[in-house]
1. Of all the residues that make up segment 10-25, how many are in a strand (DSSP E or B) and more than 14 Å from Leu41 (Cα to Cα)?
2. Among Glu79, Glu63, which is in a helix (DSSP H, G or I), farther than 17 Å from Met1 by Cβ and out of contact with any Asp or Glu (no Cβ under 7 Å at 6 or more places or on another chain)?
3. Taking the conditions exactly as written (assigned to a loop (DSSP other than H, G, I, E, B), modelled with pLDDT of 90 or more and of a type in the set (Val, Ile, Thr)), does Ile3 satisfy them or not?
4. Mind checking which residues of segment 47-62 are among the acidic types (Asp, Glu) and more than 30 Å from Asn25 (Cα to Cα)?
5. How many residues does segment 28-58 contain that are among the hydroxyl-bearing types (Ser, Thr, Tyr), closer than 23 Å to Leu16 by Cα and outside any loop (DSSP other than H, G, I, E, B)?
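The values are calculated or read from the model by the stated rules, or taken from the named source; none is laboratory data. The shown structure was predicted, so the numbers you read here are calculated from the model rather than taken from an experiment. Counting neighbours? That spans all protein chains shown, and the Cβs are built from the backbone with ideal geometry, glycine included.
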Amino acid sequence: MDISVIPIGNSKGIRLSKTLLEKYNITDKVELILEKDYIILKPKSEPRNGWEKSFKKMHENGEDKLLINDMFEDENFEEWS
């Protein structure tokens, strides 16, 4: 696929089609990887983006309770002393 390099202010850039953006789930950022004779664009993912807001909402709704006890009934921490 050939893509034209276009002027953007004092720099130059490329345009990616809507089809490519949707297919590779590119939203705001891409990671630029430079390898021997290649430039690789990789979608930048932020897996924990928005977690803080979600956790706050869970707390407000009372949904932030433990699903299992953090200590089992037969645990004995004295043996670790």
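1. Of all residues in segment 10-25, those in a strand (DSSP E or B) come to 11-14.
Still in the running and more than 14 Å from Leu41 (Cα to Cα): 11-12.
Residues that pass the stated criteria total 2.
2. Numbers: Glu63 fails: in a helix (DSSP H, G or I).
Among Glu79, Glu63, only Glu79 is in a helix (DSSP H, G or I), farther than 17 Å from Met1 by Cβ and out of contact with any Asp or Glu (no Cβ under 7 Å at 6 or more places or on another chain).
3. Working: assigned to a loop (DSSP other than H, G, I, E, B): yes; modelled with pLDDT of 90 or more: yes; of a type in the set (Val, Ile, Thr): yes.
Judged against the criteria, Ile3 is a match.
4. Initial filter on segment 47-62 (among the acidic types (Asp, Glu)): 52, 60.
Residue satisfying the conditions is Glu60 alone.
5. Taking segment 28-58 first, the residues among the hydroxyl-bearing types (Ser, Thr, Tyr) are 38, 45, 54.
From what is left, the residues that are closer than 23 Å to Leu16 by Cα are 38, 45.
Those still in the list that are outside any loop (DSSP other than H, G, I, E, B) too: 38.
Counting residues in segment 28-58 that are among the hydroxyl-bearing types (Ser, Thr, Tyr), closer than 23 Å to Leu16 by Cα and outside any loop (DSSP other than H, G, I, E, B) gives 1.
Conditions (1) at pLDDT below 90; (2) surrounded by 10 or more Cβ atoms within 10 Å (Cβ to Cβ); (3) touching a strand residue (DSSP E or B) at 6+ places or on another chain (Cβ under 6 Å), marked per residue:
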| position | (1), (2), (3) |
| --- | --- |
| Thr27 | yes, yes, no |
| Leu32 | no, yes, no |
| Lys36 | no, no, no |
| Lys56 | no, yes, no |
| Met71 | yes, no, no |
| Asn76 | yes, no, no |
